[in-house]
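Have a look at the structure below before the remarks.
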Amino acid sequence: MKGKLEISERQKLIEEGKNLKEGLATLEEDLVKLTDELQLEAQCIPNLTHPLVPIGGEDSSTVRKMAGTPRDFGFPVKDHLQLGKELDLFDFDAAAEVSGSKFYYLKNEAVMLEMALVNWTLSEVMKKGFTPLTTPELVRSSVVEKCGFQPRGDNTQVYSIEGSDQCLIGTAEIPVGGIHMDTILAETQLPLKYVAYSHCFRTEAGAAGTATRGLYRVHQFTKVEMFVLCRPEESDSYHEELIKIEEDLFSALGLHYKTLDMASGDLGAPAYRKFDVEAWMPGLGRYGEISSASNCIDYQSRRLGIRYRPSEPTPAPPKKGKGSLAPTQFVHTLNATACAVPRMIVCLLENYQQEDGSVIIPGPLRAFMGGLELITPKST
């Protein structure tokens, strides 16, 4: 076009340029569509599985540890719903009118018990070198996806905000995982250990039945979550550290529980290996999950773009202009529930109930409840 051309030849080239531009725009639209489709397909691929993980469905999970023994009550046991009603600790009926089913008001000593559980848990975990956090409770849907959760679909557990790209968090794992998104960390910064306090929101799609009544399965709850970013060779040992912290917390509260090495069919997409803790809930007459600890290796860090640069340069001669910096590697991420408040309240009310209808406050929590030792029925 820059040279001397006949008018007819120039016009021909102009038309060809227009056609190329239109064709390119179409190709770019197709590329965006195909990239989105490819991303959706890729998100269906779960993490790898640790070689020691039992293969099969939930029933194939194996018991790693059994702690304590079920209490022998010697009187008819009440469930947490009956105890809560008699002790005036929560109100499901008013919450159902205000917000819908599976919501609740905590009242009186139950409020103090929630605060005590959160503060005691935070103080204990901080002793292990964890940095405390509060987190945003609205996050971009892209961050939810990068952490391995599906923000949309028929059975999604995620509440999405209409007219925006934001979601309510189902766990603090999501905003904590996003703190170092698209970052290259120095090896000397690792491990990064966080303990985060947040509210969590879950649709609980498909959950129904007496086994999920009361506080056991709700749409909104308070949780204290641990999160670790570490070097790949250290993630197995930090997984053991996280489950040990959980077990120590629950033993300190005098709970009877078992720790399970979860089978492959019950890991969920992000987990490479997952340990669940199930505590005995006498009012429900069964064990109920109160905690889990997952090693996600580099599944989340690849999506979130969290890398670190090893301190030691590689022995191979550096490429021209590259210096002697070691190539970056993806960190490993782990998460573990230190305290899911509603289920802990279920455990404490049902396990510490007395024949006269009162409930004993476990020793470690009393200092966080103003010295209160007993929840007693209200005088009318």
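Just checking, does segment 163-171 include any residue being at positive phi and not in a strand (DSSP E or B)?
Scanning segment 163-171, I find at least one residue that is at positive phi and not in a strand (DSSP E or B), so the answer is yes.
For segment 132-150, check the following and say yes or no: at least one residue is on the phi > 0 side of the Ramachandran plot and at pLDDT 95 or above. It would help to see each step written out before you state the result.
If we filter segment 132-150 for residues that are on the phi > 0 side of the Ramachandran plot, which is where we start, we get 148.
Imposing the further condition that a residue be at pLDDT 95 or above reduces the set to none.
No, segment 132-150 contains no residue that is on the phi > 0 side of the Ramachandran plot and at pLDDT 95 or above.
Return yes when LYS322 is outside any strand (DSSP E or B) and modelled with pLDDT of 95 or more and no when it is not. Break it down stepwise before answering.
Working: outside any strand (DSSP E or B): yes; modelled with pLDDT of 95 or more: no.
So LYS322 does not fit the description; no.
Condition check: of a type in the set (Asp, Glu), out of contact with any helix residue (DSSP H, G or I) (no Cβ under 7 Å at 6 or more places or on another chain) and open to solvent by less than 70 Å² (accessible area, probe 1.4 Å). Does GLU137 satisfy that? Before the answer, list the steps.
On the way: of a type in the set (Asp, Glu): yes; out of contact with any helix residue (DSSP H, G or I) (no Cβ under 7 Å at 6 or more places or on another chain): yes; open to solvent by less than 70 Å² (accessible area, probe 1.4 Å): yes.
Here the answer is yes, as GLU137 does meet what is asked.
Hey, can you tell me all the residues within segment 321-351 that are in contact (Cβ under 8 Å) with a residue 24 or more places away in the chain and open to solvent by 50 Å² or more (accessible area, probe 1.4 Å)? Walk me through how you get there before you give the answer.
Let us first name the residues in segment 321-351 that are in contact (Cβ under 8 Å) with a residue 24 or more places away in the chain, namely 328-351.
Selection gives GLN329 alone.
Would you mind stating whether SER264 is of a type in the set (Gly, Ala, Ser) and open to solvent by 50 Å² or more (accessible area, probe 1.4 Å)? Reasoning before the result, please.
Working: of a type in the set (Gly, Ala, Ser): yes; open to solvent by 50 Å² or more (accessible area, probe 1.4 Å): no.
Spelling it out, it is not the case that SER264 is of a type in the set (Gly, Ala, Ser) and open to solvent by 50 Å² or more (accessible area, probe 1.4 Å).
Here are the criteria: (1) touching a Cys at 6+ places or on another chain (Cβ under 9 Å); (2) open to solvent by 10 Å² or more (accessible area, probe 1.4 Å); (3) of a type outside the set (Phe, Trp, Tyr). Tell me which single one MET126 does not satisfy.
(1)
Please determine whether any residue of segment 12-23 is within 30 Å of SER141 (Cα to Cα) and either touching a residue at least 24 places away in the same chain (Cβ under 8 Å) or surrounded by 10 or more Cβ atoms within 10 Å (Cβ to Cβ) (or both).
Our first condition is that a residue be within 30 Å of SER141 (Cα to Cα); within segment 12-23, this holds for none.
There is no residue in segment 12-23 that is within 30 Å of SER141 (Cα to Cα) and either touching a residue at least 24 places away in the same chain (Cβ under 8 Å) or surrounded by 10 or more Cβ atoms within 10 Å (Cβ to Cβ) (or both).
Taking segment 202-238 as the search range and keeping residues that are assigned to a helix (DSSP H, G or I) and modelled with pLDDT under 95, which one is farthest from LYS128 (Cα to Cα)?
Of the residues in segment 202-238, the ones assigned to a helix (DSSP H, G or I) are 210-212, 232-238.
Pick out the ones that are also modelled with pLDDT under 95 and you get 210-212.
Values: THR210: 38, ALA211: 35, THR212: 33 Å.
Selected residue: THR210.
Just to verify a result, which residue in segment 140-187, among those that are acidic (Asp, Glu) and open to solvent by less than 50 Å² (accessible area, probe 1.4 Å), is nearest to ARG309 (Cα to Cα)? Lay out the reasoning, then the answer.
Initially, segment 140-187 is screened for residues acidic (Asp, Glu), giving 145, 154, 162, 165, 173, 182, 187.
Narrowing the set further to residues that are open to solvent by less than 50 Å² (accessible area, probe 1.4 Å) leaves 145, 173, 187.
On the way: GLU145: 25, GLU173: 23, GLU187: 6 Å.
In this case the residue turns out to be GLU187.
In the set PRO51, PRO136, PRO70, PRO76, which member is in contact (Cβ under 8 Å) with a residue 40 or more places away in the chain and either in a loop (DSSP other than H, G, I, E, B) or not polar (S, T, N, Q) (or both)? Give the derivation first.
Working: PRO51 fails: in contact (Cβ under 8 Å) with a residue 40 or more places away in the chain; PRO136 fails: in contact (Cβ under 8 Å) with a residue 40 or more places away in the chain; PRO76 fails: in contact (Cβ under 8 Å) with a residue 40 or more places away in the chain.
Step by step, each of PRO51, PRO136, PRO70, PRO76 is checked, and only PRO70 is in contact (Cβ under 8 Å) with a residue 40 or more places away in the chain and either in a loop (DSSP other than H, G, I, E, B) or not polar (S, T, N, Q) (or both).
Mind counting the residues in segment 57-98 that are over 29 Å from THR376 (Cα atoms) and out of contact with any helix residue (DSSP H, G or I) (no Cβ under 6 Å at 6 or more places or on another chain)?
Kept after step one, since they are over 29 Å from THR376 (Cα atoms), are these residues of segment 57-98: 57-66.
Then keep just the ones that are out of contact with any helix residue (DSSP H, G or I) (no Cβ under 6 Å at 6 or more places or on another chain); that gives 59-66.
The qualifying residues number 8.
Of everything in segment 33-51 that's open to solvent by 100 Å² or more (accessible area, probe 1.4 Å) and aliphatic (A, V, I, L, M), which residue is modelled with the lowest pLDDT?
Going through the qualifying residues, I end up with LEU40.
I need the full set of residues from segment 361-380 which are under 15 Å from GLU114 (Cα atoms) and among the β-branched types (Val, Ile, Thr), in order please.
Passing the criteria: ILE361, ILE375.
So which residues in segment 239-263 are over 18 Å from LEU122 (Cα atoms) and either touching a Leu at 6+ places or on another chain (Cβ under 8 Å) or modelled with pLDDT under 95 (or both), if there are any at all?
HIS239, ASP261
Report yes if SER291 is more than 17 Å from GLU58 (Cβ to Cβ), of a type in the set (S, T, N, Q) and open to solvent by less than 40 Å² (accessible area, probe 1.4 Å), otherwise no.
For SER291, the condition - more than 17 Å from GLU58 (Cβ to Cβ), of a type in the set (S, T, N, Q) and open to solvent by less than 40 Å² (accessible area, probe 1.4 Å) - is not met.
Among the numbered criteria (1) within 17 Å of the chain's Cα centre (by Cα); (2) open to solvent by 10 Å² or more (accessible area, probe 1.4 Å), which one does GLN354 miss?
(1)
Could you list all residues from segment 235-257 that are open to solvent by 40 Å² or more (accessible area, probe 1.4 Å) and more than 19 Å from the chain's Cα centre (by Cα)? Step through it out loud before you land on a result.
Step one: of segment 235-257, the residues open to solvent by 40 Å² or more (accessible area, probe 1.4 Å) are 236-237, 240-241, 244, 248, 251-252, 254.
SER237, ASP248, SER251, ALA252, GLY254 - these are the residues of segment 235-257 that are open to solvent by 40 Å² or more (accessible area, probe 1.4 Å) and more than 19 Å from the chain's Cα centre (by Cα).
I'm trying to understand the selection: among the residues of segment 291-319, which are among the hydrophobic types (A, V, I, L, M, F, W, C) and either modelled with pLDDT of 95 or more or under 24 Å from MET226 (Cα atoms) (or both)? Working first, answer last.
Taking segment 291-319 first, the residues among the hydrophobic types (A, V, I, L, M, F, W, C) are 293, 296-297, 304, 306, 316.
Passing the criteria: ALA293, CYS296, ILE297, LEU304, ILE306.
Filter segment 82-91 for residues that are open to solvent by 50 Å² or more (accessible area, probe 1.4 Å) and assigned to a helix (DSSP H, G or I); which is nearest to SER358 (Cα to Cα)?
Filtering first and then ranking leaves GLU86.
Before we move on, is THR121 in a helix (DSSP H, G or I), among the polar types (S, T, N, Q), open to solvent by less than 70 Å² (accessible area, probe 1.4 Å) and touching a strand residue (DSSP E or B) at 6+ places or on another chain (Cβ under 7 Å)?
Yes, satisfied.
The values are calculated or read from the model by the stated rules, or taken from the named source; none is laboratory data. Computed from a prediction, not measured in an experiment: that's the story for all the values here. Cβ atoms come from the backbone with ideal geometry, glycine included; neighbour counts cover every protein chain shown. All accessible areas refer to the heavy atoms of the entire protein, side chains included, with ligands and DNA or RNA removed. Shrake-Rupley method; radii C 1.70, N 1.55, O 1.52, S 1.80 Å.
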